[in-house]
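Have a look at the structure below before the remarks.
The values are calculated or read from the model by the stated rules, or taken from the named source; none is laboratory data. As the structure is a computational prediction, the values presented were derived from the model and not from experiment. Neighbour counts run over all protein chains shown; Cβ positions are idealised from the backbone, glycine included.
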Amino acid sequence: MTELGPVAWPPAPIRTERLVLRESQARDRATFVELFASPEVGTYIGGSPSREEVERTAPEVPGRRPGYFVVELDGEMIGVVTFDRRDPQDPKHIGPGAGDVWLGYLFLPRTWGHGYATEACAAALDWFAGALPGEPVVLATQTANDRSLRLVAKLGFVEVERFEAYGAEQWFGVRSSTASST
């Protein structure tokens, strides 16, 4: 993955009605480990590493890079929203959208079903549209992930194609930076 481009980082925290999107901090490490080691979170993203592996490999301040927002509710991390420009030469690159900016999001299972992902992703997409006007954003999710498909429709993503990865059919869509994110 490569840098987003000429974006000042980190931006000021983004505040929504219930959430704060901010830069990662050392205090987020335990939640980061919980999130990335969660079998439920890994269900539609090709699995999750063991808790021991995440503990061993996670830096002191995980996710400290441009495009990586920690999502906070009542002062505690509940998930992440990320923007990554995928390098088409990267052997880990999957599917279409080479060189495009990809939106990613992961939330702790106990927070699912409360609209936090929609609220956080909408705020992050609004920030992105202001930071990189005119730049489209792409996203892929498993077609079996009904919650994610509902979310991307709410956010204004339009299906471009489907492809196979991680042993499952993936939905690939694009969103214009001028689309409404509500």
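Does region 127-152 hold any residues that are free of Cβ contacts under 8 Å to residues at least 24 places away in the same chain and either under 19 Å from I45 (Cβ atoms) or of a type in the set (F, W, Y) (or both), and which are they?
Once the filter is applied, which keeps residues that are free of Cβ contacts under 8 Å to residues at least 24 places away in the same chain and either under 19 Å from I45 (Cβ atoms) or of a type in the set (F, W, Y) (or both), region 127-152 yields D146, L149, R150, V152.
Taking region 139-149, which residues are surrounded by fewer than 19 Cβ atoms within 10 Å (Cβ to Cβ) and of a type outside the set (G, A, S)?
T143, N145, D146, R147, L149
Return yes when E52 is farther than 17 Å from L106 by Cβ and free of Cβ contacts under 8 Å to residues at least 40 places away in the same chain and no when it is not.
yes
The rows are residues; the columns are (1) of a type in the set (K, R); (2) under 13 Å from Y105 (Cβ atoms); (3) more than 17 Å from the chain's Cα centre (by Cα); (4) at pLDDT below 95.
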residue	(1), (2), (3), (4)
P136	no, no, no, yes
L139	no, yes, no, yes
F163	no, no, yes, yes
Q170	no, no, no, yes
S177	no, no, no, yes
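Among residues belonging to region 101-122 that are closer than 16 Å to L155 by Cα and hydroxyl-bearing (S, T, Y), point out the one that is surrounded by the most Cβ atoms within 10 Å (Cβ to Cβ).
Looking at the filtered set, the residue picked out is Y105.
Could you look through region 77-98, keep only residues that are in contact with a Lys or Arg (Cβ under 7 Å, 6 or more places away or on another chain) and surrounded by fewer than 16 Cβ atoms within 10 Å (Cβ to Cβ), and pick out the one that is modelled with the lowest pLDDT?
Ranking the candidates gives H93 first.
Quick one: is V61 within 30 Å of G99 (Cβ to Cβ) and touching a Leu at 6+ places or on another chain (Cβ under 7 Å)?
For V61, the condition - within 30 Å of G99 (Cβ to Cβ) and touching a Leu at 6+ places or on another chain (Cβ under 7 Å) - is not met.
Among the residues of region 150-173, what is the count of those that are farther than 26 Å from P10 by Cβ, surrounded by 17 or more Cβ atoms within 10 Å (Cβ to Cβ) and either basic (K, R) or out of contact with any Leu (no Cβ under 6 Å at 6 or more places or on another chain) (or both)?
Total satisfying the criteria: 3.
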